[in-house]
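Reviewing the structure listed below.
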Amino acid sequence: MPRKKSYPVLINDLLRINVASILNQAKPNEIMLISWSENDEVIASLKYYKSIQGCDYVYFYYCYKGDSFSCQIGLTYTTSNLGIGKIPFFVCPVTLAKCRRLYLFQGRLVSRNAIRFCLYESQTWSKTIRRLYNTFGEDFLLDELYDQIYQPYFKKTYRAKPTQLLLKISQKIAILEHRNQDEVLKDILDER
């Protein structure tokens, strides 16, 4: 008799919300919108509203399989280990634990610990794939970096200086190719 197939929930496939991005964009008492898209087609959207009256809460409004939901998720802050400022956290509505990200799973916004039997994509790889990734992973990463540079509307320079994004990418390429960053930048900018 064959074994039952187990298809675990992959964390990489779930829609996620990061607390830092929410708080950086949120304006007090104003409804904001987040949307996720694939191939320029919106697959999901979420409205949120941050209240600053007494205690901090974020109110989320979203649709899941035709039903509309709203939930209130608390915010808590922890002092930074450097003593500079405070670090924000969501309070998971299921586990009541502090978390930096919430995932949309079966119509609820929950932390990773609330989802049972979930795995990251790399945890489902076989030994052969892991060996191949360890051997050729740098080449795949290098191709992805070059693809990012040669996208149709990628801005390489601004006012005759390389953009910050190009500097970051060229630094990663220089590390992977064991070259100097100036040489990589010169090669990229001379190809125009």
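The values are calculated or read from the model by the stated rules, or taken from the named source; none is laboratory data. The shown structure was predicted, so the numbers you read here are calculated from the model rather than taken from an experiment. Ideal geometry is used to build each Cβ from the backbone, glycine not excepted, and the neighbour counts take in all protein chains shown. For accessibility, only protein heavy atoms count, side chains too; no ligands or nucleic acids. Shrake-Rupley method; radii C 1.70, N 1.55, O 1.52, S 1.80 Å.
List of remarks:
- Within the stretch 94-108, the set of residues being modelled with pLDDT under 90 and of a type outside the set (Lys, Arg) comprises 104, 105, 106, 107.
Each row is one residue, and each column tells you yes or no for (1) surrounded by 12 or more Cβ atoms within 10 Å (Cβ to Cβ); (2) touching a strand residue (DSSP E or B) at 6+ places or on another chain (Cβ under 8 Å); (3) touching a residue at least 40 places away in the same chain (Cβ under 8 Å); (4) under 25 Å from residue 7 (Cα atoms).
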residue	(1), (2), (3), (4)
41	no, no, no, no
83	no, no, no, no
89	yes, yes, yes, no
101	yes, yes, yes, yes
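- Residues that are open to solvent by 70 Å² or more (accessible area, probe 1.4 Å) and at pLDDT 75 or above, drawn from the stretch 44-56: 47
- If you go through the stretch 103-124 and keep only what is small (Gly, Ala, Ser) and open to solvent by 10 Å² or more (accessible area, probe 1.4 Å), you end up with 114, 122.
- From the list 80, 111, the lone residue that is of a type in the set (Gly, Ala, Ser) and at pLDDT 90 or above is 111.
- Scanning the stretch 97-131 for residues that are closer than 12 Å to residue 9 by Cβ, over 20 Å from the mean Cα position of the chain (by Cα) and charged (D, E, K, R) gives a single hit, 116.
- Residue within the stretch 173-190 that is without any contact (Cβ under 8 Å) to a residue 12 or more places away in the chain, open to solvent by 90 Å² or more (accessible area, probe 1.4 Å), basic (Lys, Arg) and under 30 Å from residue 59 (Cα atoms) present: no
- Residues of the stretch 153-170 classified as under 23 Å from the mean Cα position of the chain (by Cα) and open to solvent by 100 Å² or more (accessible area, probe 1.4 Å), total: 4
- For the stretch 139-149, a residue qualifies if it is open to solvent by less than 100 Å² (accessible area, probe 1.4 Å) and either touching a residue at least 60 places away in the same chain (Cβ under 8 Å) or aromatic (Phe, Trp, Tyr) (or both), and exactly one does: 146.
- Residue 136 vs. criteria open to solvent by 30 Å² or more (accessible area, probe 1.4 Å), touching a residue at least 24 places away in the same chain (Cβ under 8 Å) and either at positive phi or not in a loop (DSSP other than H, G, I, E, B) (or both): no
- Among all residues of the stretch 124-145, there is at least one that is within 15 Å of residue 184 (Cα to Cα) and of a type in the set (Asp, Glu).
- Residue 87 vs. criteria in a strand (DSSP E or B), among the β-branched types (Val, Ile, Thr) and under 23 Å from the mean Cα position of the chain (by Cα): yes
- Flag set for residue 12, criterion: under 29 Å from residue 120 (Cβ atoms), assigned to a helix (DSSP H, G or I) and touching a helix residue (DSSP H, G or I) at 6+ places or on another chain (Cβ under 7 Å).
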